[in-house]
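These notes are about the structure you will find just below.
The values are calculated or read from the model by the stated rules, or taken from the named source; none is laboratory data. Note that the coordinates shown come from a computational prediction; the quantities given were computed from them, not determined experimentally. Methodologically, a virtual Cβ is constructed for each residue, glycine included, from the backbone with ideal geometry; neighbour enumeration extends over all protein chains shown. In case anyone asks, the SASA skips ligands and DNA or RNA and just uses the protein heavy atoms, side chains included. Shrake-Rupley method; radii C 1.70, N 1.55, O 1.52, S 1.80 Å.
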Amino acid sequence: MTQILVAYGTTEGHTGTIAAFVADVLREQGHEVTVADVEALETIPDTCAAVILAGSVHVGKHDAQVVDFAAANLEALTSRASAFVSVSLALVGDTAEAQKYVQDFETASGWSPEQVSLVAGALLYTQYGFAKRQLMRGIAASKRGALSTDTGQDHVYTDWDAVRRFAEDFAAQVAAAA
Ligand SMILES: Cc1cc2nc3c(=O)[nH]c(=O)nc-3n(C[C@H](O)[C@H](O)[C@H](O)COP(=O)(O)O)c2cc1C
């Protein structure tokens, strides 16, 4: 059994949901898992043999706390099995843009993860305040049908089967290396 840390940053909560889902899959595969918001975590504990770091994109950039966490823990990230999960809505129809966010994250943090998983996020209209709901509706409208403009409900674009496959592959690599 290997101890794995799933660290995440979130603004509206969806990356926390993804982190919890990844953790459940890793546990199903027999690993011991700690899930933690980077806000409450300064360092990567020595007891963790592998780390998954997840962060979402807002206004063209990954969560600054996730960037700072990666920059502050470069040595720990590069000396263990590790992966970065990038959550964005660009992935719905514009993979090149989603990849560009990761390149910018690598430049900003100094961390070039060996493994990157691009994950589509969510439009949580019912949970946004008025201004954010209008902003996101406008952005969705400009995407020519890729994103819903129905603000009466939330829209989750995450491909949970793909996230499960990523977590299962990571679990298998960690088990093989143990
Ligand atoms: C105010 C706001 C700005 C956003 N800006 C971007 C963006 O520039 N590019 C993008 O791909 N997704 C953008 N998103 C989509 C988020 O990445 C997506 O909603 C994600 O699920 C948020 O994760 P979180 O709930 O963990 O914060 C934005 C979302 C909000 C609410």
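Side notes on the structure shown:
- Some residue of the stretch 87-108 being surrounded by 14 or more Cβ atoms within 10 Å (Cβ to Cβ), away from the ligand (no atom under 16 Å from the Cβ) and either among the aliphatic types (A, V, I, L, M) or outside any helix (DSSP H, G or I) (or both): no
Let's see how each residue does on (1) under 16 Å from Phe84 (Cα atoms); (2) touching a His at 6+ places or on another chain (Cβ under 8 Å):
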residue: Gln3; (1), (2): no, yes
residue: Ala7; (1), (2): yes, no
residue: Gly16; (1), (2): yes, no
residue: Leu41; (1), (2): no, no
residue: Val57; (1), (2): yes, no
residue: Gln65; (1), (2): yes, no
residue: Asn73; (1), (2): yes, no
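- Matching option when the condition is out of contact with any helix residue (DSSP H, G or I) (no Cβ under 8 Å at 6 or more places or on another chain) and either touching a residue at least 24 places away in the same chain (Cβ under 8 Å) or within 13 Å of the ligand (Cβ to nearest atom) (or both), among Val25, Val33, Val59: Val59
- Leading residue by the ranking (nearest to Arg80 (Cα to Cα)) among those in the stretch 114-134 that are part of a loop (DSSP other than H, G, I, E, B) and either in contact (Cβ under 8 Å) with a residue 40 or more places away in the chain or open to solvent by 60 Å² or more (accessible area, probe 1.4 Å) (or both): Glu114
- Some residue of the stretch 162-169 being surrounded by 18 or more Cβ atoms within 10 Å (Cβ to Cβ), within 30 Å of Glu32 (Cβ to Cβ) and of a type outside the set (A, V, I, L, M): yes
- Ala76 being closer than 24 Å to Arg164 by Cα, touching a strand residue (DSSP E or B) at 6+ places or on another chain (Cβ under 8 Å) and of a type outside the set (Val, Ile, Thr): no
- Given (1) over 15 Å from Gly55 (Cβ atoms); (2) at pLDDT 95 or above, number of the condition Gly93 does not satisfy: (2)
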